[in-house]
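As structure tokens, the structure follows; a few thoughts come after it.
The values are calculated or read from the model by the stated rules, or taken from the named source; none is laboratory data. Everything numeric in this text was worked out from a predicted model, so none of it was measured. A quick note on method: Cβ atoms are made from the backbone with ideal geometry, for glycine too, and the neighbour counts reach across all protein chains shown. Please note that ligands, DNA and RNA were not included when accessible areas were found on the heavy atoms of the full protein model with its side chains. Shrake-Rupley method; radii C 1.70, N 1.55, O 1.52, S 1.80 Å.
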Amino acid sequence: HFFIICLCLERSERNGKNMKKPVIGISGSLIIDSSGSFAGYKRSYVNNDYILSVIKNGGIPFIIPFNENEEVIKAQIEMVDGLLLSGGQDVAPKNYGEEPTPKLGDIFPERDDFEYGLLRAALEANKPVLGICRGAQIINTYFNGSLYQDLSYIGTEVLKHNQENSPSMVTHSVMIDKSSKLFGIFGEEKFMVNSFHHQAVKKVGDGLAISAKAPDGVIEAIEKTDYPFLVAVQWHPEMLHLTVEMMNKLFIRFIKEAANE
């Protein structure tokens, strides 16, 4: 009887909140088959590095499939412990009061609305949020910020921010604000990152602070100062989870926040 009681207590502890791995919802997109029997067929997806990064650092990844149903979007957030806004298309300029300019890339306005809905629901539920690349731009425009539709519109010489090298290679440096959450996570003022973007934050959103910049002044990370955990980076740490070990620190912290640790 003593053995049975101990076993039951052990199982109870494993199933308790402190032992439960947090569920990380990763915002999905649509990909359309371009050839073959299913040409034109839409599929829900995220890049697999997001999945692997969450698993490696102690979370349970779930793809949140794109949809346009507000009730479903709220329910999707109820089912996860943290929200990761993933990369992808350019954010539609109408979301920050501008008309499209010639160097604007592909847009998916319906996905913008989907991710604004996810973000709104996550904030209302006080759940941690991590934004990556497009995810950072979604966060900035959600809080009434704006974007450069292309880095050439900044008007000054900039670095190459859309590298043509392997995603797992770092190509330019970033400088971290020592007063930021990001510095607390990485513990370093300057390090190298990869880079796959042609847009960037212009006007910083309400209540957001700049936490990192590239040497050319391009904003590389933002965070919300009056919220437990909302951090967004312009580079792709998930693509570096095997080659640059320190990038896992960001996922470790995010997942711990989702676990309420």
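Rg and Dmax over the alpha-carbon atoms of segment 159-229 stand at 12.6, 37 Å. Compactness of segment 135-261, taken as the C-alpha radius of gyration over 2.2 N^0.38 Å, stands at 1.02. Note on Ile60 and Glu157: with the Förster distance fixed at 51 Å, the Cβ-Cβ geometry gives a FRET efficiency of about 0.70. Taking the protein heavy atoms of the chain in the context of the full set of protein chains, the accessible area attributed to carbon and sulfur is 54 percent at 1.4 Å. On a per residue basis, the chain carries 50 Å² of accessible surface, using protein heavy atoms and a 1.4 Å probe. Potential lengthening of the chain between Glu70 and Asp150 amounts to 25.7 nm, from the contour at 0.36 nm per residue minus the alpha-carbon distance. Running Debye on the chain with equal point scatterers at the Cα sites and no solvent, what base-10 log of I(q)/I(0) appears at q = 0.12, 0.16, 0.17 Å⁻¹? Result of the Debye calculation: -0.71, -1.24, -1.40.
Counting only DSSP beta bridges with both residues in the chain, the antiparallel share comes to about 55 percent. You can think of it this way: the chain between Gln89 and Asp206 has 39.8 nm of extra reach, that is 0.36 nm per residue less the Cα-Cα gap.
Computed from Cα atoms, the angle from the helix 2-15 axis to the main principal axis of the chain rounds to 10 degrees. Along the axis of the charge dipole computed for segment 90-214 (Cβ charges of +1 for Lys and Arg, -1 for Asp and Glu, origin at the Cα centre), the listed residues Gly105, Gly207, Ala122 are led at the positive end by Gly207. Listed values for segment 185-198 are Karplus-derived 3J(HN,Hα) couplings in whole Hz (6.51 cos²θ - 1.76 cosθ + 1.60, θ = phi - 60°), namely 6, 8, x, 9, 7, 8, 7, 8, 9, 8, 7, 9, 8, 10, and x replaces Gly and Pro.
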